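Just so you know, all these numbers are worked out from the coordinates, no wet-lab data involved. Keep in mind that what you see is a predicted model, and the values were worked out from it rather than measured. All Cβ positions, even for glycine, are placed from backbone atoms using ideal geometry, and neighbour counts span all protein chains on display.
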């Protein structure tokens, strides 16, 4: 776990399209001038007749894909998270979700991973927007193995899928034996004193934070990888609540993202926990993603700090500090 | 199939009478229903390959109502080819649990190929369908998409217009119901469309134009459509009159949508019937 090697998920996902295309002839790609950015050029070259590029026209890209899905194809549309979720928002909602079409929207540049491109290229509202659409499934992989298995699962899945991913490099979390299921959270590491519930890039930060907390304070923190933002795995949240301390972190706006969806489950299940929701709450100027993750407080250091704060605020927890 | 001009004009009269009956019960988008009534009659009752008993048949023509608010005129035409009874539409239109939505919805009406309502969506979806047909090797079906003229203001229309030419979607037939009025008034007083035919031509479309309230002209236009194997999409620009056939409704912005009084209903129906009889005599 957590090898040194780093991976770019958009490369993993985009390049994997060729293999998916070999397996399933119904797969087509609709690009909007970002085939290179989304790394699916191999598919375009391999299957030129199954690749469309509508130019810089995201609305048309999504509607066009809905039309292809209507004829039985499984279209994968590719663009940056903000452009799919906002520029083509109504097309995603009305042409894809309302019609319950098997369109897969593949959206790199999730969160503020687009860093120095600035907020125009950040997808910080996409989970809120896409999760609110009936029929829509929302996914976010955290590592290359998971990303590939997730893409595999989209083949037999009925209904539309929005799959967001950051463009910052990530560590490997899982190995080949990893079993992936849409809607079933993965427990990366177990723990009883608290739980991080994360998706995407924050999973690796949670793993690092949990290691630090164990080392420094002797507390075991569970890391829950909530790769399926919607439909959310309620049982994994109920189980995590037994630790009484939950920190949710997502590279997304605090509002409408993973944090609030976890909170909704906690409240509706009458589960009392110390709770923190880490995410984005303001526009800031462009900067590199790691700088922004630190600024917004959901890098490894931020996660550790927040969990320790929750643990320390709880007088029932016995502290054995200073190891 | 209805094929003589007289039969088609009679069919269009029946569609209008049904629309007016519905409009005497509740408010509908009557202006745009009436303007496009002749186009829809010729399309559904003469032109399109569509078997209501086999609605998923691969060889069927696909119909997309991009101006989704013209759902009533569509539903009545579907009734005329045997999808259901016209009385069902009158009873169930825009009612709780009814099959006929104010904007075409296939959750309740399986004969609706694509749910629509928000403008500027149906056209690009139709492009995707047309591309899908070609990719599947279906070179016999056409995709017909009916748009409003106000809808031409949507940017997505022109994204699709470029795209259809690029992908050589000759199996796509776009129809523009050019009645000149939108909800807020004359298009020319909002943001004028300019020369719409010239615009489509400039985008690379094959353009046909006719009086969209003239059944004989419409039939002739449909008869001369290029084969679905053509490589150029066709747009049929139909010059129509909003509220066509009912003199107090014609070219009146306020009749974009509305409900008829009993008196208005009776006067409208007798005017339409009289017009038909003047032309064709009493059956």
Quiz item: How big is the Rg/Rh ratio for region B:80-234, C-alpha atoms only, Rh by Kirkwood, two decimals?
Solution: 0.98
Practice problem: Count the DSSP beta bridges whose two residues both fall in the protein assembly as shown, then state the antiparallel fraction as a percent rounded to the nearest 5. | Solution: 15
Practice problem: Give the Cα extents of region A:129-213 along the principal axes, in whole Å, largest first. | Solution: 40, 29, 26
Practice problem: Can you grab the distance from the C-alpha centre of region B:128-204 to the C-alpha centre of region A:103-133, Å, no decimals? | Solution: 31
Quiz prompt | Translational D in µm²/s for chain A (Stokes-Einstein at 10 °C, 1.306 mPa s, Kirkwood Rh from C-alpha pairs) | solution = 81
Exercise. Could you tell me what fraction of 2.2 N^0.38 Å the Cα radius of gyration of region A:103-163 comes to, as a two-decimal ratio?
Key: 1.19
Quiz item: Say each of residue B:184 and residue A:178 gets a label point 7 Å from the Cα, pointing the same way as Cα to Cβ; how far apart are those two points in nm?
Solution: 5.1
Quiz item: What's the long-distance tail for region A:71-120, i.e. % of Cα pairs beyond 16 Å?
Solution: 44
Quiz item: Relative to the longest principal axis of chain B, what angle (0 to 90°, nearest 10) does the C-alpha long axis of helix B:262-280 take?
Solution: 70
Quiz prompt | Cα-only radius of gyration and Dmax that characterise region A:186-312, units Å | solution = 13.4, 40
Quiz item: Viscosity 1.002 mPa s, temperature 20 °C: Stokes-Einstein D of region B:95-187 from its Kirkwood Cα radius, in µm² per second?
Solution: 148
Quiz item: Which one of B:213, B:18, B:106 has the biggest mean-square fluctuation once chain B is modelled by GNM with Cα springs under 10 Å?
Solution: B:106
Practice problem: Could you tell me how many degrees, from 0 to 90 and to the nearest 10, lie between the Cα long axis of helix A:9-23 and the main elongation axis, the longest principal axis, of the Cα atoms of chain A? | Solution: 50
Quiz item: Roughly how many Å is it from the Cα centre of region B:228-283 to that of region B:82-99, as a whole number?
Solution: 21
Quiz item: Using a Gaussian network model of chain A with C-alpha springs under 10 Å, which one of A:289, A:313, A:240 is most mobile by mean-square fluctuation?
Solution: A:313
Self-check item: Prolate/oblate/rounded call for region B:170-244, Cα gyration tensor, a/c under 1.5 rounded
Solution: oblate
Quiz item: Relative to the longest principal axis of chain B, what angle (0 to 90°, nearest 10) does the C-alpha long axis of helix B:122-136 take?
Solution: 50
Quiz item: What Rg and what Dmax come out for region A:3-172 when only alpha-carbon atoms are used, in angstroms?
Solution: 14.4, 45
Quiz item: Once the Cα gyration tensor of region B:5-280 is diagonalised, what are the square roots of 5 times its eigenvalues, in whole Å and ordered largest first, as equivalent ellipsoid semi-axes?
Solution: 28, 21, 18
Quiz item: Rg/Rh for the protein assembly as shown: what does it come to with C-alpha atoms and Rh from Kirkwood?
Solution: 1.08
Quiz prompt | Per-residue [θ]222 nm for chain B (sum of -39500 (n - 2.57) over DSSP H runs n ≥ 4, rounded to 500) | solution = -12000 deg cm²/dmol
Quiz item: Any idea what the relative contact order of chain B is, in percent, if you count C-alpha pairs under 8 Å spaced at least 6 apart?
Solution: 24
Self-check item: Choice from A:251, A:126, A:33 with maximal GNM fluctuation in chain A (Cα, 10 Å cutoff)
Solution: A:33
